[in-house]
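What follows is one structure encoded as structure tokens, with my remarks underneath.
Bear in mind that the values in this text are calculations on the coordinates, not laboratory data. For clarity, every value in this text was computed on a predicted model and none was experimentally measured. In this analysis, Cβ positions are derived from the backbone assuming ideal geometry, glycine residues included, and neighbour counts consider all displayed protein chains.
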Amino acid sequence: MRTGVFYFPTDYGIDPAELAKALEDRGFDSLFLCEHTHIPTSRRSPFPGGGELPKRYVHTHDPFVALSFAAAATRTLLLGTGVCLVPQRDPIITAKTVASLDRLSGGRFVFGIGGGWNVEEMENHGARYPTRFKLMRERVLAMKALWTEEAASFNGEFVNFDPVWCYPKPLRQPHPPILLGGETDHTLRRVVEFCDGWFPRAGAGFDPAVAMGRLRAMAERSGRDMAGFDVTVFRGPADAAQLEPYRAAGITRVLLEVPDLDRDGILRRLDELAPLTA
């Protein structure tokens, strides 16, 4: 099992390039960056974690731009979105962005995706909460066509384009792994239908053995071979003993949280977490 981190790449925090280099130097597997394009001031959508929305949600860099700086500063560190809010992104532009980052990083990109929770945020992008997962599915399938076909076209309910050339193609073949976030049976059905892995969140009641059993059962019902499936757990416990069940269950990777601190505070925390990479 590999150990990486996730981070909200804020404009007041550590530089993404410095963070990536520090992670690689300490033996971490990966850096996944969170995304919010903006936060509407109405705040109608309650924060899923309860209470006030943390400051970091309002101050994030674009994850692809930040990951480009991280890629340039490193050689082996995997670079991921955790998660990219696909219902809020144009699929043609996103397909080119993903492919460009994957090629320029030497095939080190992992495409973590999700549907989103902030209703006003997605509405500002023309997406609707009740249909966000249908929209996400079509955009993912359209991007896969753009990555793998010479002259790609797509005709769906939400995404439509006649044959186009879209280059570059990703270096990773057939494309970077697509990991879908969420924990419900609906999520697992989507994972086995059109993704390459699962991106659940650890938390109260999360049992890695039970989770992996649910995924295997869904894959078997769908006739999907789980060989090569990537299961990356978001916000894993920062404790060696608590991580052992994740390793035993066959989890691919656990992401530990880089806290919302200043540069020096973050580097001290990385030193504390580094022994968990062994």
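Please report the antiparallel percentage of DSSP beta bridges with both residues in the stretch 35-235, rounded to the nearest 5.
Roughly 20 percent of the beta bridges in the stretch 35-235 run antiparallel, per DSSP.
Can you pull out the chymotrypsin sites (Phe, Trp or Tyr not before Pro) in the stretch 89-153 whose DSSP state is coil and whose Cβ has at most 16 other Cβ atoms within 10 Å?
Sparse-neighbourhood loop chymotrypsin sites (Phe, Trp or Tyr not before Pro): 117.
When a footprinting reagent is the concern and you count Cβ atoms within 10 Å, what order do 212, 136 take, fewest first?
So the residues, fewest neighbours to most, are 212, 136.
Toward the positive end of the charge dipole of the chain, about the Cα centre and with charges on Cβ (Lys, Arg +1; Asp, Glu -1), which of 6, 167, 141 goes farthest?
After comparing all options, I get 141.
Would you mind computing, in nm to one decimal, how far apart the modelled labels at residue 124 and residue 193 are, each placed 7 Å from Cα along Cα→Cβ?
Label at residue 124, label at residue 193, 2.9 nm between them.
Which GluC sites (Glu not before Pro) does the stretch 144-180 hold that lie in a coil by DSSP with at most 13 other beta carbons within 10 Å?
Filter output for the stretch 144-180: 150, 157.
Taking the Cα atoms of the stretch 210-278, what is the range of coordinates along each of the three principal axes, in descending order and whole Å?
Rounded to whole Å, the extents work out to 49, 22, 18 Å.
Placing +1 at every Lys and Arg Cβ and -1 at every Asp and Glu Cβ, with all other atoms neutral, what dipole size does the chain have around its Cα centre, in debye to the nearest 20?
For the chain, the charge dipole is close to 420 debye.
Kindly work out what percent of the DSSP beta bridges joining two residues of the stretch 1-116 are antiparallel, to the nearest 5.
10 percent
Quick check on packing: order 242-253, 21-32 by the mean number of other C-beta atoms within 10 Å, highest mean leading.
21-32, 242-253
Neighbouring Cβ atoms within 10 Å as the yardstick, rank 198, 165 fewest first.
In increasing order of surrounding Cβ atoms, one gets 165, 198.
Which whole-number percent of Cα pairs in the chain have a distance greater than 23 Å?
Beyond 23 Å sits 54 percent of the P(r) for the chain.
Sort 47-58, 79-90 for me by packing, meaning the mean count of neighbouring Cβ atoms within 10 Å per residue, highest on top.
For the peptides 47-58, 79-90, the packing ranking is 79-90, 47-58.
What whole number of Å gives the distance from the Cα centroid of the stretch 73-96 to the Cα centroid of the stretch 250-278?
One Cα centre to the other: 21 Å.
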